[in-house]
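See structure below.
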């Protein structure tokens with residue numbers, strides 16, 4: 001068994017991605033020949049153990065590769081193997097069988113960055129509700145917009161300036177009027193509505209799953 005390194009104060013910022021404190025000198029242990037670009041170091045982990053309660057990320061010396069050696073003691077560690085992410089519902093209980101893909105994780109990370117905590121929680125609850133019933137992955141567009149692949153039956157834009165999510169679902173306004181519990185309007189032949197709080201999530205999910213589908217009926 002090789003030397004085990006334990007990074008304290010490791011903050012998980014996405015599934016398989018951590019922000020931690022590690023000096024450039026320590027990072028060189030994992031590959032002195034790595035590039036040096038900018039202030040932040042980057043490590044690739046082939047295997048690891050993460051203690052969420054202790055905020056401790058442990059890995060063997062041979063299981064880490066330095067991709068970049070930064071100039072400051074800030075580092076990002078990325079797992080080479082994406083493990084299923086445990087999703088926690090609003091009440092704090094785990095939601096079984098829900099896995100977020102890389103695009104989903106990017107959406108959640110951006111929502112956490114751009115939205116206030118209640119709206120970021122609402123965004124997470126919305127996506128968890130979708131993934132409980134529909135396998136897929138969000139794909140980011142050119143800005144803060146994401147579409148649900150492969151079917152693209154719903155589309156979401158993060159709107160930090162008004163702290164809302166703008167959601168477009170496939171189908172005309174007439175198609176959604178019988179089930180709409182939120183204000184809706186036409187969006188180039190499809191239907192648009194806004195998510196303004198976690199209270200809106202059940203109504204939003206009802207409309208998302210009333211959308212016209214091409215795949216996975």
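When residue 42 is evaluated against the numbered criteria (1) within 21 Å of residue 106 (Cα to Cα); (2) surrounded by fewer than 13 Cβ atoms within 10 Å (Cβ to Cβ), which criterion, by number, is the only one it fails? Unmet condition: (2).
Are any of the residues in the range 102-117 in a loop (DSSP other than H, G, I, E, B), modelled with pLDDT of 90 or more and out of contact with any strand residue (DSSP E or B) (no Cβ under 8 Å at 6 or more places or on another chain)?
yes
Determine whether the range 144-155 contains at least one residue that is more than 15 Å from the chain's Cα centre (by Cα) and on the phi > 0 side of the Ramachandran plot. The answer is yes, given that some residue of the range 144-155 is more than 15 Å from the chain's Cα centre (by Cα) and on the phi > 0 side of the Ramachandran plot.
Counting only strands (runs of 3 or more DSSP E) wholly contained in the range 128-176, the ones carrying 2 or more residues that are under 18 Å from residue 194 (Cα atoms) occupy 145-149, 154-159, 164-169. The strands (runs of 3 or more DSSP E) found wholly in the range 1-76 and carrying at least 2 residues that are outside the structural domain of residue 104 (by TED's automatic domain parsing) and without any contact (Cβ under 8 Å) to a residue 24 or more places away in the chain occupy 49-51. Would you please name the residue that is farthest from residue 133 (Cα to Cα), looking only at residues in the range 177-211 that are touching a helix residue (DSSP H, G or I) at 6+ places or on another chain (Cβ under 7 Å) and part of a loop (DSSP other than H, G, I, E, B)? Among them, the one singled out is 184.
The values are calculated or read from the model by the stated rules, or taken from the named source; none is laboratory data. Computed from a predicted model, the values in this text were never measured in an experiment. Cβ sites come from the backbone with ideal geometry, for glycine too, and all protein chains shown count toward neighbours.
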